[in-house]
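Just below is one structure, and these are the notes that go with it.
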Amino acid sequence: MSKNRYPSGISRRNLLTAGGVTAPILAVNATKASTLTHASKKFVKKTPSKKNNVLFICCDDFSPRIGCFGDRIAKTPNLDRLARMGVRFEKNYCQYPLCAPSRASLMTGLAPDTTKVWDLNSDFRATIPSPIETLPQLFKKNGYFTARAGKIYHYNNPSEIGTPGFDDTASWDISTFPAGYDRTHDEELVEYYVSQKKMVSDIMANGWKIDPPVAPPPGQPKWYRGGKGPSGIRLAQDGKTPILPLSRHGDLGIALAGHASAGSDEQMTDYMVAESAIAMMAEHRNEPWFIAAGFFRPHVPFIVPSKYFDLYNLDEIELPQLAPNELSQAAQTAYLSLNPNYGMSELQHREAIRGHLAAISFVDAQVGRLLDALEQQELLENTIIVFWSDHGFMVGEHGQWEKHMLFERSVHTPLFFAGAGIEAKGTACRRVTEHLDIYPTLASLCNLEGIPSYLQGRDLSSLLTFPEENWSHPALSQVRRQSQSRSFMGYSLRTERYRYTIWGESAEEGEELYDYYSDPFEKKNIAKNIDMKKIKEKLRNDLEIIREKRRNK
């Protein structure tokens, strides 16, 4: 991988033109920052003489198909490199396996039942009754330059690439949102592994709505959130930015489709996201910064340069095995579709997984560029690096695809803390953690003042020194099911050994219990086993206690 040195004196004008050879769409938003001092922190052995920076890296739809997590196929040399620089959390879980609820939860430090964001349309600033500070806002108050490139809060991916998406402008001094060749050209060329019409038909046949209709906040016109403006032009979530025209395929947001692009890395949106982040790191190298790089891949459609598809031989792709009675192990509500893999052939299944892996390897290359830039700019010693994904992604486990379910692959996400202040470099933490823990951990590691008292996660700092210390805190994930006639929530509690899931307020829609020590692929639901009664009661009680606490905040 090339290591081009980025000059420390790069100008903001150059930042706006960074991003590739195809004259990308790259928009910017700026607000004024404020400053405060910072305090000492109990977990740091000595107070650093300089504030640590934070490089906050996020991906969309990325379950831990990573070499250092034990995946035998995925080619992820840079994430493996990141693992050697810090601690990888092997049992980390999102709060909600859908983009907007998950991201709103992580960035506010509040569970979905507190934010009241359970869909793709709600704005947490409107649903949370009292004023709250997001994670980057807290850094701004402590004197940090804060910026994002790409997708951190919700975007309709890929249709809103090139717009602000569902951004929170109070979080950032600068925002950049490029659109590359993958959005402006290649969407016309995608090939379906299974048609969108078939996917939608199968999901609706199982009784579920694909998505609730877009509803503007009270008092706002219909076009305010992602609708059409007065002239008929479709608008972004900010209510004013025009959206690029859809391809002939329409909106590809749930499409199991891909394309081995003839475009170069430099022409792709996510390359430009990394380029923007690198430029901002260089420009602000002499002040503390919190810079977020949000990659749009490996979300569908899998559009990346062809060389990343070439990394994978179809014959080497491993398909999840589906037992004959697997779709009857849990209640019908646990699945999006009862038609295994939407009826794909084995070849289509292999091609779809290869597309997903190609997109993972492309994102991995962009992570490598960010790490190279930190090294070249001599920023590694005082930069904390965090890598996370909004939720997981299923590629045929239980015959299911994508997310919006409470199975392991849907809610299991990678999490890395690396760089400055991380004592246990090159180790794995196998304790159960959740997205809510990221906010308080970063605030603690950076000795920030004014950390909100309402945060619902736990500081993981001690696990960054002693990854195997005693830690008995489970993770709680949830997802809502909606049909024409009813709506209810599912909740899933994950401990180191078990997952217990209830559907409906009192499990009236079904329940599941899996023992990962004896059943790592969730093939046997033991919720009705007599000998599991006491364990199930304990898990049910713990689930309800956590759920009620998060509802009542």
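The values are calculated or read from the model by the stated rules, or taken from the named source; none is laboratory data. Because the structure is predicted, anything quoted here is derived from the model rather than measured. Cβ: placed from backbone, ideal geometry, glycine included. Neighbour counts: every protein chain shown. The protein model used for the area step is the full one, side chains on, heavy atoms only, and it has no ligands, DNA or RNA in it. Shrake-Rupley method; radii C 1.70, N 1.55, O 1.52, S 1.80 Å.
Put +1 on the Cβ of every Lys and Arg and -1 on every Asp and Glu Cβ in the chain; which of LEU120, MET405, PRO77 then has its Cα farthest towards the positive end of the dipole?
So the residue furthest toward the plus end is LEU120.
Helix by helix, which DSSP H runs in the chain go 24 Å or more along their axis at the Cα atoms and have an average Kyte-Doolittle hydropathy of -1.0 or more?
Flagged H segments are 346-376.
Counting Lys and Arg as +1 and Asp and Glu as -1, each charge on the Cβ, what is the dipole of region 417-461 about the Cα centre in debye, to the nearest 20?
My answer is approximately 200 debye.
Placing unit charges on C-beta atoms (Lys and Arg positive, Asp and Glu negative, everything else neutral), compute the dipole magnitude of region 50-157 about its Cα centre in debye, rounded to 20.
540
For LYS240 and GLU378, calculate 0.36 nm times their separation in residues minus their Cα-Cα distance, and state this gained length in nm to one decimal.
Stretched out fully, the LYS240 to GLU378 stretch lengthens by 45.7 nm.
Sorted by mean Cβ packing within 10 Å, highest first, what order do the peptides 130-141, 228-239 take?
Highest to lowest by the protection proxy: 130-141, 228-239.
Once the Cβ-Cβ distance between HIS473 and ALA323 is put in as r, and R0 is 35 Å, what FRET efficiency do you end up with, to the nearest 0.05?
0.60
What is the antiparallel percent of DSSP beta bridges lying wholly in the chain, to the nearest 5?
So the antiparallel bridges in the chain amount to around 60 percent.
Is region 417-553 best put as rounded, prolate or oblate by its Cα gyration tensor, with a ≥ b ≥ c the root eigenvalues, rounded for a/c under 1.5, and otherwise prolate when a/b is larger than b/c, oblate when not?
Because a/c hits 1.5 or more and a/b fails to exceed b/c, region 417-553 counts as oblate.
Rounded to two decimal places and with Rh computed the Kirkwood way over Cα pairs, what is Rg over Rh for the chain?
On the Cα set of the chain, Rg over Rh gives 0.94.
If we sort 313-319, 328-334 on the protection proxy, mean other Cβ atoms within 10 Å, highest first, what's the order?
328-334, 313-319
When a/c reaches 1.5 or more, the comparison of a/b and b/c decides; with that in mind, is region 307-445 rounded, prolate or oblate per its Cα gyration tensor?
oblate
Could you give the size of the charge dipole of the chain about its Cα centre, using +1 on the Cβ of each K and R and -1 on the Cβ of each D and E, expressed in debye and rounded to the nearest 20?
1340
Counting only protein heavy atoms and using a 1.4 Å probe, what share of the accessible area of the chain belongs to carbon plus sulfur, as a whole percent?
Summing carbon and sulfur atoms, their accessible area is 51 percent of the total for the chain.
Tell me, what is the per residue accessible area of the chain in Å², probe radius 1.4 Å?
For the chain, the solvent-accessible area averages 38 Å² per residue.
Given H placed on each backbone N at 1.01 Å, which residues far from ILE384 in sequence or on other chains put an amide H within less than 5 Å of it?
ASN53, VAL54, LEU55, ALA420
Taking the inverse of the average 1/r across all pairs of different Cα atoms in region 148-306, what Kirkwood radius in Å do you get?
Averaging 1/r across every pair of different Cα atoms and inverting gives 17.0 Å.
Classify region 387-433 as rounded, prolate or oblate, taking a ≥ b ≥ c as the square roots of the eigenvalues of its Cα gyration tensor: rounded when a/c is under 1.5, otherwise prolate if a/b is larger than b/c and oblate if not.
prolate
Stretched out fully, how many nm does the piece from LYS222 to LYS209 gain, at 0.36 nm a residue minus the Cα gap?
2.6 nm
After finding the eigenvalues of the alpha carbon gyration tensor for region 275-366, what semi-axes result from the square roots of 5 times each, listed largest first in whole Å?
37, 19, 9
Give me Rg over Rh for region 43-184, both radii from the alpha carbons and Rh done the Kirkwood way, two decimal places.
My calculation of the ratio gives 0.98.
Whole percent per 10 Å bin, from 0 to the bin with the longest distance: what is P(r) over all C-alpha pairs of region 221-315?
Binned Cα distances yield the sequence 13, 28, 33, 21, 5, 0.
Determine, at each q value in 0.19, 0.30 (inverse angstroms), the log₁₀ of I(q)/I(0) that the Debye formula gives when each Cα of region 453-499 is one equal point scatterer.
Per q value, in the given order, log10 I(q)/I(0) is -0.80, -1.10.
Give me the number: length gained by fully extending ILE530 to GLU544, i.e. 0.36 nm times residue separation minus the C-alpha to C-alpha distance, one decimal in nm.
Computed gain between ILE530 and GLU544 is 2.9 nm.
Where the eigenvalues come from the Cα gyration tensor of region 151-216, what are the semi-axes √(5λ) of the equivalent ellipsoid, largest first, in whole Å?
Rounded to whole Å, the semi-axes are 28, 20, 7.
What spacing in nm lies between the two simple spin-label points modelled at ALA170 and GLU449, each 7 Å away from Cα in the Cβ direction?
Rounded to a tenth, the inter-label distance reads 2.1 nm.
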